[in-house]
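The values are calculated or read from the model by the stated rules, or taken from the named source; none is laboratory data. Computed from a predicted model, the values in this text were never measured in an experiment. Please note: Cβ atoms are built from the backbone with ideal geometry, for glycine as well, and neighbour counts cover all protein chains shown. Just so you know, the surface numbers come from the protein's heavy atoms only, side chains and all, with ligands and any DNA or RNA stripped out. Shrake-Rupley method; radii C 1.70, N 1.55, O 1.52, S 1.80 Å.
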Amino acid sequence: MKNTPLLFALASCLLLCASRAQADQLDDVISNMRTGVAVDPAQRKAIIRTTAEAAFNSYAEGMATLYLQEIKAAIVDPEHNGGWPNRSFLTEGADSYFRVALTKALQDRFDKKPDGVLAYALICPALYTGNDKLVDEAQSYLKDNDPFLYKIEQTQIDSYWRPYIKNVLAKEGAH
């Protein structure tokens, strides 16, 4: 958790890694504008929407990658990194919109290739977003496929994660 500023910087850099092809569309529009070429308003709007969506999806993928690194560190070194699942700035400090994006990015990865670490990683973001069905699915996957992570999750979820997240959400609701 001491590395939060470094990790925040890394996550911010990942935002800038949007698909070069998508960024080129806006570069092309700017180049055309420099030479006096008129830009069709409907086309401009579509390009802005498309490039913004691509950039945000890239950012969400970067958040998922960073969060997975935090989760793995929490599993490997719980004494020094055990708080990442529920205290990461990607979960605790995040806006609800970004929490949903993180949860979706993790779920998309899990849906493509189910894995115990992904199931474990889904639990706290799903708790933050109120997606109890996803929590149950992730727990069920762990129980059936990864007894090691299921045991760790079971020692954390009701004694630490749920109460902590409930408290964070209550404080956010009070503001």
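Some observations on this one:
- By average C-beta atoms within 10 angstrom, highest first, the peptides 161-174, 110-123: 110-123, 161-174
- Per residue accessible area in Å² of the chain, where ligands, DNA and RNA are left out and the probe is 1.4 Å: 59 Å²
- J(HN,Hα) series, segment 48-61, from Karplus relation 6.51 cos²θ - 1.76 cosθ + 1.60, nearest Hz, glycine and proline x: 4, 4, 5, 5, 5, 4, 5, 5, 5, 4, 5, 5, 4, 5
- Length added when fully stretched, TYR160-MET33, from 0.36 nm per residue minus Cα-Cα: 40.2 nm
- All C-alpha pair distances within the chain, sorted into 5 Å bins from zero, spread as 1, 8, 15, 18, 16, 13, 9, 6, 5, 4, 3, 1, 0 percent across the bins.
- Around ASN167: net Lys/Arg minus Asp/Glu count, Cβ-Cβ under 13 Å: +2
- The listed peptides 146-154, 74-82, ordered by packing as a protection proxy, come out as 146-154, 74-82 (highest mean of other Cβ atoms within 10 Å first).
- Gaussian network model of the chain, springs between alpha carbon atoms under 10 Å - residue of GLN139, GLN43, GLN107 with greatest fluctuation: GLN43
- Counting charges near PRO114 (Lys, Arg +1; Asp, Glu -1) among other residues having Cβ under 11 Å from its Cβ returns a value of -2.
- Each of ASP24 and ILE48 was given a label point 7 Å from its Cα along the Cα-to-Cβ line. The distance between the two points is 2.3 nm.
- Value of D in µm² per second that Stokes-Einstein yields for segment 80-175, Kirkwood Rh from Cα pairs, at 25 °C (0.890 mPa s): 183 µm²/s
- Between ASP115 and any residue 5 or more places off or on another chain, the built amide H atoms are never under 5 Å apart.
- Computed in the context of the full set of protein chains, the accessible area of segment 102-175 at 1.4 Å probe radius has 52% of its extent on carbon or sulfur.
- Local net charge near ASN57, Cβ-Cβ under 12 Å (Lys/Arg +1, Asp/Glu -1): -2
- Accessible surface for LEU127 stands near 20 Å², nearest 10, in the context of the full protein assembly shown (1.4 Å probe).
- Partner lysines for LYS104 [C-alpha distance under 17 Å; skip if fewer than 8 residues away on the same chain]: LYS112, LYS113, LYS133
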